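Taken together, the values in this text are just the output of simple stated rules run on the coordinates, not laboratory data. None of the values given here were measured: they were computed from a predicted structure. Methodologically, a virtual Cβ is constructed for each residue, glycine included, from the backbone with ideal geometry; neighbour enumeration extends over all protein chains shown.
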């Protein structure tokens, strides 16, 4: 199986683990070099599953903060969106690259607070985090039915809806084309 880190370079998972925040062990290789075009590599990686099918590789902190994330969702279900927002923000303090949390905060902003601009910020940030994992010439697929890819698709769909809500249809159309290509 082929895996790439956030800047598109191949690596063997047993040799270079996916560490939280993209940090390296002391004494390890130097800092990552930016991808062509100036984009900095992110904490999310990419793994080839088979053929042209890929999935995102999330940092370990996502799993480490899962209970807090679930608690935030439960608080929302119980009818307290402001407390849920605070709980989910707390999760981001422990794992700022948690796509699921950014999507949940986008959903909260849109559904509970009716704020498409704020929702756009959360969805857009999640999209950017995941998009950095894709090499510039990426032609593979990131199917939504793979659990690791689902928050990327949810973020992209939420971002498209927000862009349309604020009158930025042209940008939304471009992202819709990307979404269809990645399915």
Return 102, 153 ranked ascending by Cβ neighbour count within 10 Å, so the fewest neighbours appear first. 153, 102
Neighbouring Cβ atoms within 10 Å as the yardstick, rank 164, 47 fewest first. 164, 47
Per 0.36 nm of contour for each residue apart, how much would the distance between residue 80 and residue 64 grow if the chain were fully extended, relative to their Cα-Cα spacing? 3.3 nm
What is the diffusion coefficient of region 48-136 in µm²/s, taking the Kirkwood radius over Cα pairs and the Stokes-Einstein relation at 4 °C with a viscosity of 1.567 mPa s? 94 µm²/s
May I ask you to compute the full-extension gain from residue 90 to residue 165, defined as 0.36 nm times their residue separation minus their alpha-carbon distance, rounded to one decimal in nm? 24.2 nm
Determine, for 177, 65, the number of other Cβ atoms within 10 Å of each Cβ, and report the residues in order from fewest to most. 177, 65
For the pair residue 128 and residue 180, how long in nm is the line joining their label points, each one 7 Å along Cα→Cβ? 2.7 nm
